[in-house]
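Participant: Sharing a structure with you now.
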Amino acid sequence: MVKDLRVTLSGVELKNPVIPASGTFGFGQEFLPFFDPDILGSLSFKGTTLQARAGNSTPRIAECPAGMLNSVGLQNPGVEAVIAHELPELRKVFHGPVIANISGFSVEEYVRCAELLTREAQVEILEINVSCPNVHNGGMAFGTAPEAAAEVCRAVKRVATKPVYMKLSPNVTDIVSIARACEDAGADGLSLINTLLGMRIDLKRRKPVLANTMGGYSGPGIFPVALRMVYQVTGSVKIPVIGMGGISTARDVIEMMMVGASAVQIGAANLVNPFACRDIIETLPVEMEKLGIDRLSDIARV
Ligand code: SIN
């Protein structure tokens, strides 16, 4: 039987739940040699800030046994260049709904980026990243206190004409309180989890591997943590949740949907295997058949 992979996020229909996570797929161009992006449910583009950013000093990637650390530091060309150059190129190769990932260092910066990106026809969801662990005085600072996250959410909601999803940090003691604060502030949905703050030491140099000392840990090692947090959040809010964190197989996708995720993002797996999203999309019907699932949207939360 043909399997139905469609899911809906705040009225936006995706042909399947598979979305490359922001920062692991650029603006789509790098993956053109591997597969046609039009197979994807959606695509969350690289975290965009008001001004262009070169990112942190290198080394800013460290491999780990079950994942990787990054301290990229929000390298991006700035919102005006994204609108002038990246989105027109993306439009040529991807015709589905795009998720605009927005980062900032002040509430005003989030608002200005949201004002500009909400006008773009292909952008159907704004994902507000209050969880980047790699920058000072911004990013995660807004996502680790309920009131700060709510303030960003309220301000962005005032200018947004598209659904607003707040991207949450796992580096908190109580992610549910932050999720609830965002829901109360008007968020249309949530994305979680971003990376876990970590570090590695270069034994020979007796120094941190990363120039920025710490970075965000992602990859299969964090999957159980992500699953637990998505389970806790979906049990406490009514808005949809995009689940992410270490997903690398179709079975992981189904597991994430069984804890209540409405769609999923694939991050570090893209950097290990550029075909990861394609493989997951192709394997989903096979795994659904084994589990007796005809429609992904029928999966009930455990
Ligand atoms: C980065 O560019 O530092 C990664 C973005 C993030 O973790 O939110």
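The values are calculated or read from the model by the stated rules, or taken from the named source; none is laboratory data. Everything quoted here is computed from the prediction, not taken from an experiment. Cβ coordinates were reconstructed from backbone atoms using ideal geometry, including for glycine residues, and neighbour counts include every protein chain displayed. SASA here: full protein model, heavy atoms, side chains in, ligands and nucleic acids out. Shrake-Rupley method; radii C 1.70, N 1.55, O 1.52, S 1.80 Å.
Participant: Please specify each residue of the stretch 36-62 satisfying the condition of being outside any loop (DSSP other than H, G, I, E, B), open to solvent by 30 Å² or more (accessible area, probe 1.4 Å) and farther than 14 Å from Thr195 by Cβ.
Facilitator: Here is the first cut: in the stretch 36-62, the ones outside any loop (DSSP other than H, G, I, E, B) are 37-39, 43-44, 48, 53, 61-62.
From what's left, open to solvent by 30 Å² or more (accessible area, probe 1.4 Å): 38-39, 53, 61.
Correct list: Asp38, Ile39, Arg53.
Participant: Is it the case that the stretch 163-171 has a residue that's surrounded by fewer than 20 Cβ atoms within 10 Å (Cβ to Cβ), more than 14 Å from the ligand (Cβ to nearest atom) and not aromatic (Phe, Trp, Tyr)?
Facilitator: No, because not a single residue in the stretch 163-171 is surrounded by fewer than 20 Cβ atoms within 10 Å (Cβ to Cβ), more than 14 Å from the ligand (Cβ to nearest atom) and not aromatic (Phe, Trp, Tyr).
Participant: Would you confirm, using the coordinates I've provided, whether Val230 is touching a residue at least 24 places away in the same chain (Cβ under 8 Å) and open to solvent by 30 Å² or more (accessible area, probe 1.4 Å)? Quick ask: steps written out before the conclusion?
Facilitator: On the way: touching a residue at least 24 places away in the same chain (Cβ under 8 Å): yes; open to solvent by 30 Å² or more (accessible area, probe 1.4 Å): no.
It is false that Val230 is touching a residue at least 24 places away in the same chain (Cβ under 8 Å) and open to solvent by 30 Å² or more (accessible area, probe 1.4 Å).
Participant: Please work out which residue is farthest from the ligand (Cβ to nearest atom), limiting yourself to the stretch 107-137 and to residues that are among the charged types (D, E, K, R) and part of a helix (DSSP H, G or I). Spell out how you get there, then give the answer.
Facilitator: To start, the set of residues in the stretch 107-137 that are among the charged types (D, E, K, R) comprises 108-109, 112, 115, 119-120, 124, 127.
Pick out the ones that are also part of a helix (DSSP H, G or I) and you get 108-109, 112, 115.
Values: Glu108: 19, Glu109: 15, Arg112: 19, Glu115: 21 Å.
Checking each candidate, the answer is Glu115.
Participant: To continue, here is another question. Inside the stretch 10-30, can you point out the residues that are touching a Pro at 6+ places or on another chain (Cβ under 7 Å) and over 22 Å from Thr195 (Cα atoms)? Even if it seems obvious, please write down each step before you answer.
Facilitator: Of the stretch 10-30, the ones touching a Pro at 6+ places or on another chain (Cβ under 7 Å) are 10, 12, 14, 28.
The answer is Ser10, Val12, Leu14.
Participant: Consider only pairs whose beta carbons are under 6 Å apart and that are at least six residues apart or on different chains; among these, list those whose first residue lies in the stretch 174-196 and is open to solvent by 20 Å² or more (accessible area, probe 1.4 Å) and whose second residue is among the aromatic types (Phe, Trp, Tyr).
Facilitator: Listed by first residue and then by second, the contacts come to Leu196/Tyr217.
Participant: Continuing with the same structure: Out of (1) part of a strand (DSSP E or B); (2) modelled with pLDDT of 95 or more; (3) open to solvent by 20 Å² or more (accessible area, probe 1.4 Å), the odd one out for Ala100 is which?
Facilitator: Every listed condition holds for Ala100 apart from (3).
Participant: Let me ask something else about it. Can you run down the residue pairs with Cβ atoms below 8 Å, 6 or more apart or on separate chains, where the first is in the stretch 46-62 and without any contact (Cβ under 8 Å) to a residue 60 or more places away in the chain and the partner is outside any loop (DSSP other than H, G, I, E, B) and surrounded by fewer than 19 Cβ atoms within 10 Å (Cβ to Cβ)?
Facilitator: Sorted first by the residue in the stretch 46-62, then by its partner, the pairs are Ala52/Ala81.
Participant: So how many residues does the stretch 21-35 have that are more than 22 Å from Ser218 (Cα to Cα) and part of a loop (DSSP other than H, G, I, E, B)? Let's see the steps before the verdict.
Facilitator: The first filter runs over the stretch 21-35 and keeps only residues more than 22 Å from Ser218 (Cα to Cα), leaving 29, 32-35.
Okay, now just the ones that are also part of a loop (DSSP other than H, G, I, E, B), so 32-35.
Matching residues across the stretch 21-35 total 4.
Participant: Turning to a different aspect of this structure: Please go through the stretch 118-138 and give me each residue that is among the aliphatic types (A, V, I, L, M) and free of Cβ contacts under 8 Å to residues at least 24 places away in the same chain, ordered by number.
Facilitator: From the stretch 118-138, those among the aliphatic types (A, V, I, L, M) are 121, 123, 125-126, 128, 130, 135; that's our starting set.
Result: Ala121, single match.
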